[in-house]
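The next block holds one structure in the form of C-alpha cells; read it before the comments.
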Amino acid sequence: MKLIVAVDQNWGIGKNNDLLVSIPSDKKFFRQETTGKVVVMGRKTLESLPGGLPLKNRTNVVLTRNPGYHVKDAVIVHDVPELLEELKKYPENEIYVAGGGSVYEALLPYCSEAYVTKIDFAYEADTYFPNLDQMPEWEMVEESEEQTYFDLEFTFTRYERKA
C-alpha cells in the first residue's frame, strides 16, 4: 500500500478540512498516480472533494465510523480491520491512501511507499502528517528538481519503508 500527500515545512496537510494550498502540478501528479487505482480516504476528505463526490476513474474506499453512511460509487468501510479485508481484493501496489490526517495515521504502518509533495512554506495548519524524516524506518529515495508555482517552491519526493 502507498500513500500520497502534500505537506508544508512543518508537515502540515490541512486546515478546516481543506488543503493548505492547491498547486496544479501537484494535482496533476496525484491524478496521474491514482487514476485507475484504489484511493482510500476518510469521510471528511471525501466530503471536501468537488461536489463531495468520489474521484472519477478510481475505486474510492471511504473509512467512516458512521454506520449509516452511504455514497454512490464508493465502497464504505467502518474500521481498519474491515478496510484491510476490503483491500485484499486489489493489487497492493495499486492502493493509495489519500487522507485525511487520522486515516494517514491509522494506515501509515501498513504502507511501504509514500509520495510526498514538500512545499517550502509554513502555513497555518490544524492537521499534520507524521514527519517521515524523523522516522528511522522511512527513507527518502527520490527527490525531484525544485519546482515553482508563482513564488511557491516545492519538490516531489518518494519515501520507502526500510525492510
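The values are calculated or read from the model by the stated rules, or taken from the named source; none is laboratory data. Small disclaimer: the values here were computed from a predicted structure and weren't measured. Neighbour counts are summed over all protein chains in view; Cβ atoms, including those assigned to glycine, are modelled from backbone coordinates with ideal geometry. Heavy atoms of the whole protein, side chains included, go into the accessibility calculation; ligands, DNA and RNA do not. Shrake-Rupley method; radii C 1.70, N 1.55, O 1.52, S 1.80 Å.
In the stretch 127-161, the qualifying residues are those that are in a loop (DSSP other than H, G, I, E, B) and open to solvent by 80 Å² or more (accessible area, probe 1.4 Å), and the one that is nearest to Met1 (Cα to Cα) is Pro136. Taken over the stretch 120-163, the residue count meeting the criterion of being closer than 19 Å to Glu33 by Cα and touching a Leu at 6+ places or on another chain (Cβ under 8 Å) is 2.
One residue stands out among those in the stretch 20-40 that are touching a Ser or Thr at 6+ places or on another chain (Cβ under 8 Å) and not in a helix (DSSP H, G or I): the one that is farthest from Lys88 (Cα to Cα), which is Ile23. Only residues that are touching a residue at least 40 places away in the same chain (Cβ under 8 Å) and open to solvent by 20 Å² or more (accessible area, probe 1.4 Å) were counted in the stretch 14-29, giving 9. For the stretch 31-54, residues that are within 18 Å of Lys2 (Cα to Cα), surrounded by 13 or more Cβ atoms within 10 Å (Cβ to Cβ) and either touching a Phe, Trp or Tyr at 6+ places or on another chain (Cβ under 9 Å) or among the small types (Gly, Ala, Ser) (or both) total 7. Pairs linking a residue in the stretch 49-74 that is free of Cβ contacts under 8 Å to residues at least 60 places away in the same chain and among the aliphatic types (A, V, I, L, M) to a residue that is open to solvent by 70 Å² or more (accessible area, probe 1.4 Å) and not in a strand (DSSP E or B), with Cβ atoms under 6 Å and 6 or more positions apart or on different chains, are Val62/Arg43.
For the stretch 55-77, the set of residues classified as surrounded by 14 or more Cβ atoms within 10 Å (Cβ to Cβ) and among the small types (Gly, Ala, Ser) consists of Ala74 only.
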